[in-house]
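Readers should treat all values here as calculations from the given coordinates under stated rules, not as data from a laboratory. These figures come from a predicted structure and were not determined experimentally. Neighbour counts are summed over all protein chains in view; Cβ atoms, including those assigned to glycine, are modelled from backbone coordinates with ideal geometry.
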Amino acid sequence: MTLTELRYIVALAQEQHFGRAAERCHVSQPTLSIAVKKLEEELGILFERGKQKILPTPLGEKIVAMAGQMLEQAAAIKDVAEADKDQLEGPIALGTLPTIGPYLLPQFIPLLQETSNKLALYVEEGSVAELATKLRNGDLDAILITAPFVEADVVVQPLFDETFVLLLPADHRLANKAQIAADDLIPSELLLMGEGDTLREEVLKAFPHLNPAQESGVGVRTFTQGATLETLRHMVASRLGVTILPQTAAEAPLYAPNLLTTRPFAPPAPKRSLVLAWRVSFPRHKAIDLLRRAIQASSSAYWNYNTAQSRETPGVMVENRNW
């Protein structure tokens, strides 16, 4: 058996589909199928082939768990081997959430390229669970996600807090208000991502009365099956409702200024905390630090969070936290 074959069966157990597992491993489906069959000839039947899903057998579950541990150890060995190389040279694999990547990446990647032309950034989007697994296995070097996040042998560094704002049509009844109170929100008017989405859970935690599980039975309208924050923005632009977005996503230019507008929430305004996480064993600390600085320096949310107006010298912005 090889590490490649072990990586294939771990991916297949997680994806439960040969096509998706092959795509994740960047190989053709026949290549992955042949490798899995070869390993089963050596070890025994590892998967049940159903019409809808590919599920691991009891033997398969044990071997997949052990394979995951071996891949984590292999990633640690690779980290040690990389320690003697130039920390700012070569690729670095960053994972992020779909609600973060499209809005922060265009801001900090150009700055990262200006700072170091030897560092090549590879980016992948996924859920927190998917990103955490790939971080442990060494498929990703760092992940940019939201707090709270706790993982064994993983360093988690806070970046900044980002407030939520209400995105609404410019002629909406709430557009005349300077600040939005929780009671101003009507559940049936609000558009959110589907069940299990991290951003959705953060919004419902901040505004419990919007939870569709309330006895009234009138809940927010949700969108799944590949929906994105851009889907919600388009729906709002079509006057089908309002939505709550992180500041970075809401500020992204797309529509004419007289079509959509944003309004802040009354204090305490809801927010999310962005963090950068990487394995304790990852040796390229300078690359991680460069990535952190680029993300923070390019985000208006960071400067709103980390600077304050100097009373002694009007017009001068001073940091109130260590850079």
Segment 74-205: proportion of alpha-carbon pairs further apart than 19 angstrom, %: 63 percent
Only Lys, Arg (+1) and Asp, Glu (-1) charged, at Cβ; segment 3-81 dipole about Cα centre in debye: 240 debye
Where in segment 1-31 does the amide nitrogen come within less than 11 Å of the point 7 Å from the Cα of residue 70, taken along Cα to Cβ? 1-10
Report the gain in length on full extension from residue 43 to residue 205: 0.36 nm times residue separation, minus Cα-Cα distance, nm rounded to one decimal. 53.7 nm
With label points built 7 Å along Cα→Cβ from the Cα atoms of residue 259 and residue 122, find their separation and express it in nm. 3.7 nm
Taking neighbour Cβ counts within 10 Å as the exposure measure, how do 153, 197 sort from fewest upward? 153, 197
Note, segment 180-189: 3J(HN,Hα) by Karplus (6.51, -1.76, 1.60, θ = phi - 60°), whole Hz, Gly/Pro = x, goes 9, 8, 4, 5, 6, 7, 9, x, 5, 9
Vicinal HN-Hα couplings computed from phi for segment 122-136 (Karplus, 6.51 cos²θ - 1.76 cosθ + 1.60; Hz; Gly/Pro x): 10, 10, 9, 9, x, 6, 4, 5, 5, 5, 5, 5, 5, 5, 5
Taking amide hydrogens as modeled 1.01 Å from N in the peptide plane, which residues meet the under 5 Å criterion relative to residue 125, leaving out close sequence neighbours? 96
Just tell me which lysines come within less than 27 Å, Cα to Cα, of residue 38; anything on the same chain fewer than 8 places away is out. 51, 53, 62, 78, 134
Can you list the lysines whose alpha carbon is less than 24 Å from that of residue 271, not counting same-chain residues fewer than 8 positions off? 177, 205
Kirkwood Rh, angstrom, segment 1-49 [1 / mean 1/r, Cα pairs]: 10.4 Å
Amide H proximity to residue 93 below 5 Å, modelled H, separation 5+ or other chain, gives 122, 141, 142
Working from the pairwise distances between different alpha carbons, so that the mean of 1/r is found and then inverted, what is segment 3-81's Kirkwood radius in Å? 12.7 Å
Computed ³J(HN,Hα) along segment 20-27: with the Karplus parameters 6.51/-1.76/1.60, θ = phi - 60°, integer Hz and x for glycine or proline, the list is 5, 5, 5, 4, 5, 8, 6, 9
